[in-house]
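See below for the structure under consideration.
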Amino acid sequence: MSLRAKPPSLSALLLAACLAWGIAVASFDRFPLSSQLYPASISSTVTDDKWLNFVQTFQAHNAKYEGWCKSKLLETISSTPSTSDAGLGSQFQQDLYLIRNIFPSLVTGNRKGFYIDSGANHAEALSNTLFFDVCLGWSGLCVEPNPEYHDEITVKRTCVLVPECISDETKEQSFNFFGEAGHVTSSDDSNSRQVMCRTLDEMLAKYADGRTFIDLWSLDVEGYEMTILHSINWSKLNFNAILIETFWLSDRVVDYFMTELGFAKLQQLAIDSLYVKLDQSSGWRPPQWNEIWQEQTQFRNEMRTNGKLNADL
C-alpha cells in the first residue's frame, strides 16, 4: 500500500476521531463501508420497525432449525437471553452482533451473502457461521482439517467443506488435533499429524470458483491468525467484515495491521476483534510512519522485558 495516498476526506477524519475516543457510531449512514456490485454494500441503515417486522415474520432457510433461529432473533428485540439449544451458534453472541449491526440490510432484504469460516470446528457448537447458513441461507466455505468434524459438517451444513488447514503456504504441515483447540504446530507429538494446508487465495480458487469477494470472514486458528493475515493477497481479495479471534494476540498489533489495510475496528468483543472495510484507503502517512511504529514496538518490548510495562499489554 502506498504511503502517499490522497489526503483523507473530512468524513474519514471525523470517523478516525470518533474511533480514537471510543465513541460508538450510531448509524451506518455515517460509516461509509465498502461498496461492491455483488454482494450489496452493507452500509444501509435498517429502522427498528423494519427489523421488528423481519423478526416477527422470519422463516428459517432450514426448517429443522426454525425454532432455534427464531429464538436467537428474538434476542435482538428483547433483553432476555434465549434458552433454546444454548450450545448452538456463536460462543459469545458474535453471530447476533453481526447480523443486527453489520448485515441488517442484506438480512432484511433476503439477500444471500458469502462467508468463510476458517477454524470451523464443530458443525453447530461454537460456530460463528451456523446462523448465516441454516437460518439465512448464506453459502460459504467451512475450513476444518480435523476429520472428527467432517461428517457432521457435511450432513448439517450447506457450506463447502474444505478438509485442509488455512496457512501462509500451500504444503503439508504438522497439525495438532486437540479438539476445538486444534492448530498448526512446528513440532510433532502424539496429537499431531501431517495435513494439507493451503493459502486462502488457493482455497477460493479450488473450492469457490475463484471467488474474490467475501461478506464475512471468521478467522479463528488458535494464535496463528497473524501468519494468515500476512499471507493474504489484499489487492485481489475483498472483504466486508472480518472477525478475528484475538484472545491469544496483541490487539495493538492486529489493529495496526488491519487499519493500515483500510479497515476500521468497529468493535472489541469478548474474545474477538471486528473489522469493517472503509470505502477510502487508510489515508496519507507522514514520512517514516512505519519506521516509527517499528521503533516504538521495539521500545515497548524492552520496557516489558525490564518490568516497566505489564506483560499482557
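Please state which of the following conditions Gln194 fails to meet, knowing it meets all the rest: (1) under 21 Å from Asn121 (Cβ atoms); (2) touching a residue at least 24 places away in the same chain (Cβ under 8 Å); (3) of a type outside the set (Gly, Ala, Ser).
(2)
Given the structure, is Gly262 touching a Phe, Trp or Tyr at 6+ places or on another chain (Cβ under 9 Å) and modelled with pLDDT under 90?
Working: touching a Phe, Trp or Tyr at 6+ places or on another chain (Cβ under 9 Å): yes; modelled with pLDDT under 90: no.
Judged against the criteria, Gly262 is not a match.
For the structure I just gave you, tell me whether Asn290 is among the polar types (S, T, N, Q), surrounded by fewer than 18 Cβ atoms within 10 Å (Cβ to Cβ), touching a helix residue (DSSP H, G or I) at 6+ places or on another chain (Cβ under 6 Å) and under 30 Å from Glu202 (Cα atoms).
Spelling it out, it is not the case that Asn290 is among the polar types (S, T, N, Q), surrounded by fewer than 18 Cβ atoms within 10 Å (Cβ to Cβ), touching a helix residue (DSSP H, G or I) at 6+ places or on another chain (Cβ under 6 Å) and under 30 Å from Glu202 (Cα atoms).
Taking the residues in the range 221-256 that are surrounded by fewer than 18 Cβ atoms within 10 Å (Cβ to Cβ), out of contact with any His (no Cβ under 7 Å at 6 or more places or on another chain) and within 18 Å of Asn121 (Cα to Cα) as candidates, determine which candidate is modelled with the lowest pLDDT.
Only one residue fits best here, namely Trp248.
Would you pick out the residues in the range 265-313 that are of a type in the set (S, T, N, Q), at pLDDT below 80 and farther than 26 Å from Asp220 by Cβ?
The answer is Gln280, Ser281.
Kindly indicate which of Phe58, Phe54 is closer than 12 Å to Leu136 by Cβ, in contact with a helix residue (DSSP H, G or I) (Cβ under 9 Å, 6 or more places away or on another chain) and in a helix (DSSP H, G or I). Show your work before the answer.
On the way: Phe58 fails: in a helix (DSSP H, G or I).
Testing whether each residue is closer than 12 Å to Leu136 by Cβ, in contact with a helix residue (DSSP H, G or I) (Cβ under 9 Å, 6 or more places away or on another chain) and in a helix (DSSP H, G or I) leaves just Phe54.
The values are calculated or read from the model by the stated rules, or taken from the named source; none is laboratory data. Keep in mind the model is a prediction, meaning the values are calculated, not measured. Reconstructed Cβ throughout: ideal geometry from the backbone, glycine too, with neighbour counts over all protein chains shown.
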